[in-house]
Amino acid sequence: MIARLMWESQTMVTSDDLLRGIDDIDWGRLRHLEGHADDVPRLLQDLADAGQREREWAFTLLWDRYLRWPGGDDNAGPHTVPFLARIAIAAAAPESRLCALQILQQLAVGHDGRHEDLRVGTDTTTARAEAAADATRSSWPRSYEAVRAELPGLTALLGDPDAAVRARAARLLKWFPGQAATSGPALVAALEAEPDPTVCAAILLTLALIGDRSCAAAVHWQLDAPSQIVRWTAAIASARIITTHTTRHPETGPAGSAVGPGDDEARRVVAVLAQFAADDNYPLHHRVGGPLEWYTAQMLLALAGREELDDLTDDIVTALGDCLRKVDVSLVADLAAEAVILAFGSTPQVAPRAFADLSPVQQHLIVCLGDNAGEGSSSNRHPSHPPYVYEHPEHRPALTRLAAVLADAGLPGLGDPRPRYEPLRLYAGLPLTFWTSRQTG
């Protein structure tokens with residue numbers, strides 16, 4: 001509501017208001033990636049109220065070149081945060097607000113290309129402590145703290161008139177678990193009122209990381225949403241809450257309807273996750289801020305550790321295979337070991353000598369892992385790609401790790417005379433014996 005009221009009075013907010021105090025900073029003394037930062041005030045001015053071309057160029061320089069990488073104590077990044085926050089909250093153009101939010105997240109999180117492990121959660125404390133001790137990255141913790149100081153106003157952007165701004169504000173909040181006591185209720189309130197499915201999905205993924213059992217009812221309610229992407233992310237968030245916050249108590253959904261998670265909650269979540277894992281026609285991770293197949297695989301593995309779900313192990317392994325076949329090849333090895341152990345046991349009684357010796361569920365998992373290693377992730381796969389497109393040197397470490405994982409799990413080797421499995425054999429030097437009896441069709 002605060003953000004909406006501010007937006008409705010944009011005609012009263014000028015760039016001078018947004019950038020008040022900017023001349024009090026000695027920008028020439030500060031630096032960014034490409035030199036002295038005395039051009040930053042002009043770029044912030046263009047970001048705040050210039051035309052589209054100037055705004056986009058200012059964003060490109062600030063986000064992609066100047067402030068993308070953390071620096072030392074003279075880095076300009078932390079000094080830009082108050083001005084970027086004002087632009088995000090009160091600039092007239094939604095594009096300006098969105099660009100400012102993106103830069104703020106970049107400053108707060110740093111650029112390491114990682115995705116979150118939902119089983120661990122968002123832990124920036126250790127990384128910030130390490131950066132603070134590194135003279136080449138010491139500005140990042142200060143940027144993080146500067147953005148955290150602006151969170152009350154930025155959280156209000158969950159009510160912004162522009163859906164893209166609302167979604168970006170939700171994604172920013174996931175990096176501040178220490179503020180979950182205030183941001184959590186705000187996210188739940190926004191979720192219950194949000195009409196846009198993509199924004200709902202972004203809110204649910206943030207609640208997956210920072211939410212607790214108090215959010216369970218609002219999250220569980222979304223399992224019945226008409227939108228597929230909302231149901232999928234609701235299942236991911238529900239799984240995270242189930243596996244990390246085990247205390248059960250009566251819950252109430254929106255409008256006072258009783259929808260408290262019961263004994264079948266985890267089973268239903270497994271069913272929903274399995275449904276979307278098997279769906280090859282719905283890759284929308286790029287729209288909601290995270291690789292949903294990877295998050296799904298993480299949550300399936302977490303649910304597999306629950307005793308009451310032992311009878312669903314085959315269903316979970318099948319869904320894991322469906323997920324891991326589509327997860328980016330650089331990420332799949334991190335989860336493949338756990339998936340193979342779940343399917344084969346940590347100490348197999350008898351190592352299978354041929355593919356035909358495996359159960360249908362085990363065969364499915366191995367085929368899916370082989371498909372991933374041979375063809376790459378669903379986001380990269382294209383019908384026109386030749387079979388050897390993923391033999392590029394940058395993929396070799398990931399492929400080698402995957403092959404080693406399968407060997408360590410008790411499988412004597414992985415290879416296939418068909419071209420798409422060739423990388424595993426070439427890069428790991430594994431024999432073909434495991435696949436000799438396989439039906440190649």
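Within 10 Å of each residue's Cβ, count the other Cβ atoms and sort Glu338, Glu192 from fewest upward. Write down the numbers at each step before the final one.
Values: Glu338 19, Glu192 15.
Neighbour counts put them in this order, fewest first: Glu192, Glu338.
Would you mind ranking Asp38, Asp16 so that the residue whose beta carbon has the fewest other beta carbons within 10 Å leads the list?
Numbers: Asp38 15, Asp16 11.
Listed from fewest to most nearby Cβ atoms, that is Asp16, Asp38.
If each residue of separation counts as 0.36 nm, what is the full-extension length gain between Asp280 and Asp117 once their alpha-carbon separation is subtracted?
Working: separation 163, 0.36 × 163 = 58.68 nm, distance 2.27 nm.
Stretched out fully, the Asp280 to Asp117 stretch lengthens by 56.4 nm.
Is the shape of segment 1-175 best called rounded, prolate or oblate, per the rule: a/c under 1.5 gives rounded, else a/b larger than b/c gives prolate, else oblate, with a ≥ b ≥ c the square roots of the Cα gyration tensor eigenvalues? The partial results should precede the final answer.
Numbers: a/c = 1.88, a/b = 1.17, b/c = 1.60.
Cα axes put segment 1-175 in the oblate bin.
Can you put Ser139, Ser359, Ser15 in order of Cβ neighbours within 10 angstrom, beginning with the fewest? Walk me through the numbers before you get to the answer.
Values: Ser139 28, Ser359 13, Ser15 20.
The most exposed by this proxy come first: Ser359, Ser15, Ser139.
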Sorted on mean Cβ neighbours within 10 Å (highest first), peptides 21-33, 220-232 come out as 220-232, 21-33
Put a dot 7 Å past each Cα toward the Cβ at Thr125 and Ser359; how far apart are the dots in nm? 4.0
Hey, got the Cα dimensions of segment 28-94 along the principal axes, in Å, largest first? 33, 21, 19
Burial ranking of peptide ranges 307-316, 48-57 (average Cβ count within 10 Å, highest at the top): 48-57, 307-316
State, to one decimal in nm, how far the label point of Ala193 lies from the label point of Thr313, with both points 7 Å from Cα in the Cβ direction. 4.8
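Could you order the peptides 80-86, 59-65, 142-148 from most to least packed, using the average number of other C-beta atoms within 10 Å per residue?
Values: 80-86: 24.0, 59-65: 17.9, 142-148: 20.7.
The packing order, highest mean first, is 80-86, 142-148, 59-65.
None of the figures in this text is laboratory data; all of them are computed from the coordinates on show. Please read these numbers as outputs of a predicted model, since none were measured by experiment. Don't worry about glycine lacking a Cβ; one is built from the backbone with ideal geometry, like all the others, and counts go over all protein chains shown.
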